[in-house]
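Engineer: Once you've had a glance at the structure underneath, I'll fire off some questions.
The values are calculated or read from the model by the stated rules, or taken from the named source; none is laboratory data. Worth saying up front: this structure is predicted, and the values here are computed from it rather than measured. Here the Cβ positions follow ideal geometry from the backbone for every residue, glycine too, while neighbour counts run over all protein chains shown. We work out accessible area using only protein heavy atoms, side chains counted, and drop any ligands, DNA or RNA first. Shrake-Rupley method; radii C 1.70, N 1.55, O 1.52, S 1.80 Å.
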Amino acid sequence: MRLGVITTMADNAWGGSEELWVSLANQALLSKHEVFASVYNWGELPDKIKEVESNGVKVYKRARISYSQLSGKIKGKIVQKTVAKNQLHSFVKKTTPDFLLISMGAFCDIEVNPFREFLKEVSVPYALIVHVNTETYTINPAKINGFRLVVKNAKCIYFVSKRLREQAERQLAYGFENSKIVVNPVNMESTGVVPYPLSTTVNFACVGRLKVDVKGQSLLLQVLSKRKWKDRDWILNIYGSGPDEALLEELITFYDLKNRVFLKGFVDDIRKDIWGENHLLLMPSYFEGLPIAFVEAMLSGRSAVVTDVGGNSEIMKGDELGVIAEGVTPSSFDKALENSWAKKDEWEAMGINAHKQACEYFGNDPVSRLLEDIVEMYKDNK
């Protein structure tokens, strides 16, 4: 089989949504399939895409449509109106895939005109993977019929959590009978419980891209700036990189948390460098699909305080695993963190329970099962 992969992730060169298609591509190569990938041109390829390219995937770059600077945004709009759809058709013409897998950073990507029109026109069978959706997203009424046609024509639509599918059903008034839940791969060589830190000072960890309108780090700093939290014995380690690093540094100073909050950047060994040092995960995200950082914490034997977004409540079932904040607000997250703090003597046991739950949820090689699914759809279409 000749498998074509198109990723629509336009805001960053790399993110958690890319892990699945890259792992799938490697698995497909091992199974003697040919793989071709179309990615946005960020100049130098991210390391993991370089690696999959060196393994045998033929990678094609296309012009970007999303930029942070105003001049870039104008350029991106021009690209959308002129060559974006043509570049997608050109990718298919050059590579002649038997099947297309569309890895979507977000469900709303179908609303982008050239992408939606391409999928309406392409003759190659395709499946979609939806990694992110939000409660507040609404579809432009003028585009809803084209949107429905794209999802109806898909051989399968994969969602990384049930919550994302429920949101999409509401947004589109469509039943998604042609859908399945797929689990993202975990980027860890081992998944045993990491020994619990001996430090008497509580070490919180916040793990994720430094983008406050998605991951909510600024909301967390606001909560921890309250006097009641400053009077308690804790530190917060923030891991990751991203465009809001400078803002977070300024907020740490603004909230007088310089001796309590530390930006740790990116680390290579998640289990040793993060969960060997920290007692509890704090994840105040505004939206998620099924966050890999949360899964990695559970698989390492750590409890968490998270917001009720994406699939968080699907993998953390029960108060014996952690605490879920009902809303994404400072007061809601403060209440959830307060509830967790009252049970901090139980965190180690809660982490062990979380580990058991995560092992049950993620134990069945999702990448191999996804590849088997795609091969079956390809054979059925022959």
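Engineer: Take the chain, connect every pair of alpha-carbon atoms lying under 10 Å apart with a spring to form a Gaussian network, then pick out the residue of V122, V59, V182 with the largest mean-square fluctuation.
Structural biologist: Residue with maximal mean-square fluctuation among V122, V59, V182: V122.
Engineer: Report, to one decimal in Å, the Kirkwood hydrodynamic radius for the chain based on all distinct Cα pairs. List each step's numbers first, then the result.
Structural biologist: Details: mean 1/r = 0.0458 Å⁻¹.
Across the chain, the inverse of the average 1/r is 21.9 Å.
Engineer: If you don't mind, there's one more thing I want to ask. Once amide H atoms are placed 1.01 Å from N in the peptide plane, what residues at a sequence separation of 5 or more from Y126, or on another chain, have their amide H within under 5 Å of its amide H?
Structural biologist: Amide H neighbours of Y126, under 5 Å, 5+ apart: L100, K155.
Engineer: Could you tally up the Lys pairs in region 176-288 with alpha carbons closer than 24 Å? Skip any pair fewer than 8 positions apart unless they're on separate chains.
Structural biologist: 15
Engineer: Kindly identify region 46-140 as rounded, prolate or oblate by the Cα gyration tensor criterion: order the square roots of the eigenvalues as a ≥ b ≥ c, call it rounded if a/c is under 1.5, otherwise compare a/b with b/c, prolate if a/b is larger, else oblate.
Structural biologist: On the way: a/c = 1.36, a/b = 1.25, b/c = 1.09.
Note, shape of region 46-140 comes out rounded.
Engineer: Also, I was wondering about something else. Compute the semi-axes of the equivalent ellipsoid of region 210-351, taking the square root of 5 times each eigenvalue of the Cα gyration tensor, and list them largest first in whole Å. All intermediate terms of the calculation are to be shown ahead of the outcome.
Structural biologist: Numbers: eigenvalues 87, 60, 51 Å².
Sorted largest first and rounded, they come to 21, 17, 16 Å.
Engineer: Spin-label point model (7 Å from Cα, Cβ direction): what's the S241 to S313 distance in nm?
Structural biologist: About 3.6 nm, to one decimal.
Engineer: Aspartates and glutamates near K77 by alpha-carbon distance under 15 Å, same-chain residues fewer than 8 away left out - which ones?
Structural biologist: D11, D109, E111
Engineer: Give me the one-decimal nm value for the distance between modelled label points at N113 and E189, 7 Å along each residue's Cα-to-Cβ direction.
Structural biologist: 5.0 nm
Engineer: Something else: Return the aspartates and glutamates within reach of K81: Cα separation strictly under 12 angstrom, same-chain partners fewer than 8 residues apart disregarded; answer none if there are no such residues.
Structural biologist: The qualifying aspartates and glutamates are E117.
Engineer: Which of the GluC sites (Glu not before Pro) found in region 165-220 are in a DSSP loop and have at most 13 neighbouring Cβ atoms, other than their own, within 10 Å?
Structural biologist: Of the GluC sites (Glu not before Pro), the ones in loops of region 165-220 whose Cβ has at most 13 other Cβ atoms within 10 Å are E177, E189.
Engineer: Let me ask you something else. Could you list the square roots of 5 times each eigenvalue of the Cα gyration tensor of region 147-188, that is, the equivalent ellipsoid semi-axes, sorted largest first and rounded to whole Å? Write down the numbers at each step before the final one.
Structural biologist: Working: eigenvalues 91, 29, 11 Å².
The answer is 21, 12, 7 Å, longest axis first.
Engineer: How much accessible area per residue does the chain have, counting only protein heavy atoms and a probe of 1.4 Å, in square angstrom?
Structural biologist: Spelled out: the 1.4 Å probe surface of the chain, per residue, equals 45 Å².
Engineer: For region 264-343, what mean projected area does the convex hull of the alpha carbons give, in nm²?
Structural biologist: Computed as one quarter of the Cα hull surface, the answer is 5.3 nm².
Engineer: Amide H to amide H, which residues 5 or more places from R62 or on other chains are under 5 Å from it, using H placed in the peptide plane?
Structural biologist: V39, Y40, N41
Engineer: Per 10 Å bin, what is the whole-percent P(r) computed from every C-alpha pair distance within region 149-223?
Structural biologist: Answer for region 149-223: a P(r) of 14, 25, 29, 23, 9, 2 percent.
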